[in-house]
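Notes for the one structure printed next.
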There are 2 protein chains.
Amino acid sequence: MTANMTGDCLGQGCQFGWNFTECIVSQSCHDGLANTQECLCRDNIYPYIGVFGKGYGKNDEPLRAYLLSFIIAVAFTLIGDLNIIAMLNSSLFMAVYTIINFSCFHASFTNSPGWRPQFIYYDKWVSLFGAVVSFVLMFIFSWWAGLVTLIIFILLWLYIYYKKPNLNWGTSIQAGSYNIALSASVALACVEDHVKNFRPQCLVLTGPPTQRPALVDFVNSFTKHASLMICGDIIMDKKTRPQEATDQLVKWMNKRKVHSFYSPFTANSLRSGAQNLLQASGLGKLKPNTLVLGFKSNWEESAPESIEDYVNTINDTFDSNNCLCILRMMDGLDVSDQFDFKVNQGFEPDESVEKRDQPSSEGEPSDDGTDKGDGDETVFQDDQGKKTIDIYWIADDGGLTLLVPYLISRRKRWSRCRVRVFIVGEQLNKEESRKEMLALLKRFRLDFKDVRVLTDCERRPQAKNLERFFDSVAPFRLYDEPQEGVSISQNVPWKISDREFGGLQT
Amino acid sequence: MTANMTGDCLGQGCQFGWNFTECIVSQSCHDGLANTQECLCRDNIYPYIGVFGKGYGKNDEPLRAYLLSFIIAVAFTLIGDLNIIAMLNSSLFMAVYTIINFSCFHASFTNSPGWRPQFIYYDKWVSLFGAVVSFVLMFIFSWWAGLVTLIIFILLWLYIYYKKPNLNWGTSIQAGSYNIALSASVALACVEDHVKNFRPQCLVLTGPPTQRPALVDFVNSFTKHASLMICGDIIMDKKTRPQEATDQLVKWMNKRKVHSFYSPFTANSLRSGAQNLLQASGLGKLKPNTLVLGFKSNWEESAPESIEDYVNTINDTFDSNNCLCILRMMDGLDVSDQFDFKVNQGFEPDESVEKRDQPSSEGEPSDDGTDKGDGDETVFQDDQGKKTIDIYWIADDGGLTLLVPYLISRRKRWSRCRVRVFIVGEQLNKEESRKEMLALLKRFRLDFKDVRVLTDCERRPQAKNLERFFDSVAPFRLYDEPQEGVSISQNVPWKISDREFGGLQT
């Protein structure tokens, strides 16, 4: 606001409340055709014209732009027929009037508060009328000159459209996108929820998205063009991200064609941050209903408080009636940090090998892509070939376990993947369980045919594995022998007593 | 999801993954034309057909619907010319095929995860092709029958469109609104900010919006169709609002034509709630940058902790680079609570008379509307007539003080209001200050001509007023005489010492 409001505004555009070039805004140019040309050249919208943008002397005299004007004037004079010159001239004038009138109308139409025309008889409908009249007149004067002008203007526009010069004019098109997004979101607020239109709207705790590209790519592979995705970045060190870092992260996501929003959020703990983001982020119906986490692979080494924080985040998510997804990658989620942000204690790289709800690496090795240049390529960016997607349907959990693989399998990259559904059953009525599951899948209208019944769960686990399990949970158990008095369970609330542990085993 | 997934799905629609009526979803109907008719009648979309929806016996036999089918069949047979009947018949069939094909296409097109057709040769483009072919065939068979059918269908549709029956089918149009809102918001995320397109995007701490309708209406009067407005409701009693209450509040806002979102948020204090909402709410560029508060009119009576909370909320807002607006109404903001929600301690009704940045009641009495029926009419809903909007421009605060009145004065209701700008100056260079301010307004391209210079501030305040001021702030002062030891300033951090107080006075 300040730059536009407090600066001395020069040039015709100001009367209409608009500064058309960057360098008029920055007060370096003055009136006149040659000056406008100088500005245009300085903005460097078209190639090879930058050289004409140089000014000389105290008044920044546009000597080179004078030369350019002279050359153009001579070139047109060389046509030699005043009738033709007049036609071209009128036609170009009409085209300019059309564009100025229309841009005035469009700026008014988008309701941008920054558009405050001073001309007292200004009216947006008069502008629109002027634009239409100028456009029609352009062709009435001479249809061929009008056509030539139109083609020239379209070519110039196409060039800008595809080259996308790195200039931010604050155009009325930008103001228009704001209006469209706002009114569409407001209109959505009036739409009632219905189970048929349920979509998993994901809040993904990625930290800075560049940090865990696999998590971003995986969630994007089932939300893109279909559902909301917000990358939540919980900042626990009391400092807010500088605006440039945020912009850089958003640019990274746009470049990667990830359709996601980025929400940095300062909080004391993962738990409160996740809860607050789930509550507050989004607009109306565009609101997260699913929390996506990376697997805390360093749980054996990390501080008990951070584990408690992580587990409580999961519990809170269920308590507040939200869905939960956890992604575990073979090589961990984190990549080396390009932006030098602090990594949340929760998610350090891991070397674990277990994978669940993930494509197992049958067809191709699943670690292709990890040895490429930038370090942020992930397995989810490539075509998945004929891998398999394994679903473990242990209990009826509402259907998200089936919905997410279904959404993934619709993508082109995953379309050749086979989906297998594993259920737990007994050896005796194995075939029966299989048929039940197939019937359920049919009712869900999911085209998964490959149902396998796991009967192993009847057997006792092998002594070796049981021992490994007891070893890994040993630090978190509260043995019945009181080691330092009775109050120990208050000091270490994350430890579980023998009785609770026994309850879990059965 | 559950209702649609786990129920036994009957009827032709199921093969295409769609249940067309509420009562098929609720498993009360069976196949057949008469049953479909029964369902249609039960949904009560069209008037006087509810009577045909009654079923008889154990199988819910649609006897009345059989009768209706019979009557319709006889009525058409009475035309007596088989050619005409065949024409009408084909035409109606084609129209139905068009609609079914097109709705399949549209459901696929909106990417709703709930749309999972089982027909293995299904393809959305085939559906679209089928729809177009059926539509064209309808007119090729017989143009007059096609036209009659089209008119009948349009009339039926118009009836539903305007009557808006209270049924939620989870249509693909609803899925479509979601997609439009999502893609528009995602597209906006790529747009860079520019000062020209600055808009005051307001987070309004209304509590339940029904509680402070004046605050809602006032902010809506400058954000409607132009900018984002979120009604933040900070819930401090650890309980979340039930979903029905939230829906009711959203409906109240829609009915009032307030274009705003409603964000309930559980927090420990006003301060943390406001900060978290400012940080987390919104999507991408649709994010609040302005906090709007009601004036804490009961500050003299309320607990010091709540005052500190309120003041710190204001300080935090400035610290986090956001704008701030405070609305003070003559009769306070709160209305009697219809929903029996707990009122935040911060904003009790007040009887104060001061008003700032508000229309003073010169033309008409400003309390019209407060004695009407529902109790939630506010002065901002009526035409404002020829009142005046007073702006007190004490210091250059960035321009929001001028921008908000400008945005208000653009509204039709406020268009006849006069805007006066008051500035502080000295008697000597009064005219000079006035001209400076007029020049500033011209640079801002604001059409405010009436600038008045207040020179009173040179004079000492009257002894009576000074005494009143000292009396009112007395409870918050920390007198130099140590009353209960040195540590008092730690216990009561909201009190200010004599030295700080002296600093404020100069």
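The values are calculated or read from the model by the stated rules, or taken from the named source; none is laboratory data. Since this is a predicted model, take the numbers as computed values, not measurements. All Cβ positions, even for glycine, are placed from backbone atoms using ideal geometry, and neighbour counts span all protein chains on display.
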**OP:** Quickly run through segment A:182-198 and pick out the residues that are of a type in the set (Gly, Ala, Ser) and facing another protein chain (nearest Cβ under 7 Å).
**Re:** A:184, A:185, A:187, A:189
Original post:
What number of residues within segment A:263-312 are part of a helix (DSSP H, G or I), more than 14 Å from every other protein chain (Cβ to nearest Cβ), free of Cβ contacts under 8 Å to residues at least 60 places away in the same chain and in contact with a helix residue (DSSP H, G or I) (Cβ under 7 Å, 6 or more places away or on another chain)?
Top reply: 3
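For every residue, the table says whether it meets (1) under 30 Å from residue B:86 (Cβ atoms); (2) more than 9 Å from chain A (Cβ to nearest Cβ); (3) free of Cβ contacts under 8 Å to residues at least 24 places away in the same chain.
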residue: B:157; (1), (2), (3): yes, yes, yes
residue: B:170; (1), (2), (3): no, no, no
residue: B:180; (1), (2), (3): no, no, yes
residue: B:200; (1), (2), (3): no, no, no
Subject >> Evaluation of residue A:181 against (1) over 17 Å from the mean Cα position of the chain (by Cα); (2) surrounded by 22 or more Cβ atoms within 10 Å (Cβ to Cβ); (3) hydrophobic (A, V, I, L, M, F, W, C) (one fails), failing number >> reply: (1)
**OP:** Identify all residues within segment B:104-128 that are among the hydrophobic types (A, V, I, L, M, F, W, C), free of Cβ contacts under 8 Å to residues at least 24 places away in the same chain and in a loop (DSSP other than H, G, I, E, B); write none if there are none.
**Re:** B:120
Original post:
Counting just the residues of segment A:376-392 that are surrounded by fewer than 17 Cβ atoms within 10 Å (Cβ to Cβ) and in contact with a Phe, Trp or Tyr (Cβ under 9 Å, 6 or more places away or on another chain), which one comes out farthest from residue A:325 (Cα to Cα)?
Top reply: A:383
Original post:
In segment A:264-302, what residues are under 16 Å from residue A:322 (Cβ atoms) and polar (S, T, N, Q)?
Top reply: A:272, A:275, A:276, A:279, A:281, A:289, A:290
**OP:** Determine whether segment B:20-30 contains at least one residue that is modelled with pLDDT of 70 or more, within 38 Å of the chain's Cα centre (by Cα) and not β-branched (Val, Ile, Thr).
**Re:** no
Original post:
Any idea which of (1) surrounded by fewer than 20 Cβ atoms within 10 Å (Cβ to Cβ); (2) touching a residue at least 60 places away in the same chain (Cβ under 8 Å) is the one residue A:192 doesn't satisfy?
Top reply: (2)
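Please work out if residue B:417 is modelled with pLDDT under 85 and among the hydrophobic types (A, V, I, L, M, F, W, C). Working first, answer last.
Numbers: modelled with pLDDT under 85: no; among the hydrophobic types (A, V, I, L, M, F, W, C): yes.
Answer is no for this residue.
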**OP:** Could you please find all residues in segment B:413-446 being touching a residue at least 24 places away in the same chain (Cβ under 8 Å) and acidic (Asp, Glu)?
**Re:** B:426
Original post:
When segment B:420-448 is examined, which residues are found to be within 14 Å of chain A (Cβ to nearest Cβ) and either within 20 Å of residue A:122 (Cα to Cα) or touching a Cys at 6+ places or on another chain (Cβ under 8 Å) (or both)?
Top reply: B:441, B:442, B:443, B:444, B:445, B:446, B:447, B:448
**OP:** Report, ordered by the first and then the second residue, all pairs with beta carbons closer than 9 Å, sequence separation of six or more or different chains, a first member in segment B:386-399 that is on the phi > 0 side of the Ramachandran plot, and a second member that is not in a loop (DSSP other than H, G, I, E, B).
**Re:** B:398/A:2; B:398/B:323; B:399/A:2; B:399/A:5; B:399/A:6
Subject >> Of all residues making up segment A:236-262, the number that are more than 10 Å from every other protein chain (Cβ to nearest Cβ) and surrounded by fewer than 20 Cβ atoms within 10 Å (Cβ to Cβ) >> reply: 14
